[in-house]
Each structure stands twice: as structure tokens, then as C-alpha cells.
Amino acid sequence: MSRRITVLACLVTTSLLTLTATPAHAATSYADTDYVALGDSYSSGVGAPGQSGTCLRSANGYPGQWAAANNPKTFQNAACSGATTTDVLNTQVSSLSTGTDLVTITIGGNDVGFANVLTTCTISSYDGCAAAVQSARDKEDAVLVKLDTTYQTIRSRAPDAKVIVLAYPILFDTTSAYCGVGGMSLAKRQLINDGDEELNDLIREHATAAGFVFADARDTFAGHGICASAPWLNGLTVIPATNSFHPNLSGYTYGYLPAMTAALS
């Protein structure tokens with residue numbers, strides 16, 4: 001056998017031995033995890049199939065999908081469509097306890113009046129849209145105080161829990177001026193996206209200061225906003241109207257769920 005063939009054989013043998021000697025990583029088990037989802041419509045699952053009740057909760061939202069895939073010891077979705085920080089404090093944090101291990105939350109959008117922004121920008125002029133976005137920005141300082149109170153309350157009720165604060169996706173694709181028949185103008189879309197970015201950055205800052213993990217869903221949703229060729233968010237929807245400007249099933253599956261999963265690693 002030539003020297004070249006001998007060396008090659010040794011390299012192959014060594015590589016195989018290395019591969020077989022490396023233990024496989026065991027999948028993380030959540031069998032002892034008590035998980036509670038808090039927040040607004042982006043956590044209750046609005047926009048996904050299977051919504052029910054006054055809070056429009058769906059098992060196809062990211063909390064339900066994660067629970068189905070990971071089988072935690074307990075799972076409760078206390079999130080509710082339309083919820084503000086006040087609603088979280090008044091009706092949702094009671095779901096937490098000293099035994100809670102994992103908490104997820106999206107909150108803040110309704111506090112700044114994001115629904116009003118979207119309605120105004122849909123039916124009004126550019127100037128009307130700009131005024132609505134500015135009005136939302138003017139509320140941010142007060143909202144940040146409420147966010148801090150909410151985060152502190154979550155920590156006091158679930159002192160040992162890992163808390164994941166998820167971002168809101170950037171709603172609109174702006175790579176093209178065209179957004180379908182009746183679609184929102186590029187200028188309006190950019191205004192809304194800029195306000196969305198600003199709110200998310202503030203949420204990230206305050207969540208991190210509270211010692212929580214910020215899951216930036218803006219990254220996982222990138223390229224799939226409303227008006228994109230493959231949107232993961234619903235545009236203006238007539239039936240049901242509540243689905244408007246919320247993630248669709250793909251958004252929860254490929255946008256929010258990976259963001260949550262990455263935050264757990």
C-alpha cells in the first residue's frame with residue numbers, strides 16, 4: 001500500500017472514530033416546567049386559526065404551539081386580545097406563582113394606541129397618519145413607567161421564572177411601492193414601521209433592565225411583512241376584522257415560535 005493511501009486510510013478511520021465517540025446532545029426536557037403566557041393579542045393568538053372566547057385565544061399562537069411541541073408540566077395562556085399593561089396587572093398576573101418556571105409576554109402596543117394608528121393610517125391622509133404615529137410616540141414615556149411596573153410585578157410573583165419579552169414584528173414590507181389594490185402607501189407604511197421600531201427598542205431596553213430575555217421577533221419575521229410576496233402577517237381583513245395586522249399561522253409558526261425557542265437556548 002502506498003504512503004498516500006495509508007495516510008488517507010488513517011484519516012478516514014480517525015474521523016469515523018471521532019464521529020462515533022461524540023455523544024449526541026440530548027433534547028431539552030420541559031417535563032417539570034410550569035409555563036404561563038401573558039400579554040395581548042399577539043400572545044393570545046389572534047390571526048391564527050382556532051380562536052375562541054372573548055380573548056380570542058388560539059392553540060395555534062406561539063404559546064400553544066410551543067406547549068404542544070415541548071409538553072411542559074403545566075401550561076396556561078392568560079393573554080387576551082386588546083390587553084394593556086393595566087389588564088396584565090389586573091387580570092393576568094394572578095396566573096403566576098412562586099412555582100412558575102417560564103413566562104412569555106407581548107405588551108405595550110395597545111398602551112400607545114397602535115390599533116388607532118393602523119385604523120387612521122388606513123382611512124386617512126398621510127398627514128393624518130403622521131399625526132396618529134406622533135400621538136403614539138407622545139405616550140411612550142408614560143407607557144414605559146407602566147412597563148416597568150408590569151415587569152416588576154411579574155418578577156415579584158414569579159421570582160424564579162425565566163421571563164421572555166417578545167418584540168412586535170415590523171408590520172410592513174417596504175421593498176416595493178406597490179401593496180396591492182387598496183394597499184397602504186409606501187410613505188404610510190414607513191411611518192408605521194418607524195414607530196414600531198422605536199417602541200420595540202424601548203421595550204427591549206426596559207425588559208433587559210428588568211433582567212428579562214428579549215426575543216427579537218423582528219429578525220425572524222424579516223422579509224415577510226404585509227405586502228411581501230410571502231407575508232406572515234394579515235393585512236386589512238374583513239372577516240374577521242380582528243385578524244387585521246396580526247400574524248397569520250405562518251407568522252406564529254415561523255416567526256414567533258423560533259424567536260421564543262432561540263430565547264430559551
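Read-outs: derived from the displayed coordinates by stated rules, not from any lab. Quick caveat: nothing in here was measured; it's all calculated off a predicted structure. All Cβ positions, even for glycine, are placed from backbone atoms using ideal geometry, and neighbour counts span all protein chains on display.
General observations
- For the range 85-206: rounded, prolate or oblate by the Cα gyration tensor [a/c cutoff 1.5]: prolate
- Mean separation of Cα contacts under 8 Å (6+ apart) over length of the chain, as relative contact order %: 19 percent
- In sequence order, calculated HN-Hα J values of the range 166-172 (Karplus, 6.51, -1.76, 1.60; Hz; x Gly/Pro): 9, 6, 8, x, 6, 5, 10
- Counting neighbouring Cβ atoms within 10 Å and putting the fewest first, the residues VAL88, VAL93 line up as VAL93, VAL88.
- Cα-based helix-to-principal-axis angle, 186-209 vs the chain, degrees rounded to 10: 60 degrees
- Within straight-line reach of LYS146, meaning a Cα separation under 24 Å, sit the following lysines at least 8 residues removed in sequence or on another chain: LYS162.
- Degrees separating the helix 140-157 axis from the principal Cα axis of the chain, which is the longest one: 50 degrees
- The relative contact order of the range 128-245 comes to 30 percent, based on Cα pairs under 8 Å that sit 6 or more residues apart.
- Calculated mean residue ellipticity, 222 nm, the chain: -13000 deg cm²/dmol, from DSSP H runs (n ≥ 4) at -39500 (n - 2.57) each, averaged per residue and rounded to 500.
- In order along the range 91-107, the Karplus-derived 3J(HN,Hα) couplings, from 6.51 cos²θ - 1.76 cosθ + 1.60 at θ = phi - 60°, round to 10, 10, 5, 5, 6, 8, 8, 5, x, 5, 9, 9, 10, 10, 7, 10, 7 Hz, and Gly and Pro are given as x.
- Looking at the chain, the DSSP beta bridges with both ends there are about 10 percent antiparallel.
- Under-5 Å amide H pairs with ARG57, H placed in peptide plane, nonlocal only: SER52
- Using alpha-carbon coordinates, inclination of helix 126-138 to the longest axis of the chain, degrees: 70 degrees
- Each of the peptides 55-68, 112-125 was scored by the mean count of other Cβ atoms within 10 Å over its residues; in descending order, highest first, they stand as 55-68, 112-125.
- Distance from the range 199-265 to the range 104-164 (C-alpha centre basis), Å: 14 Å
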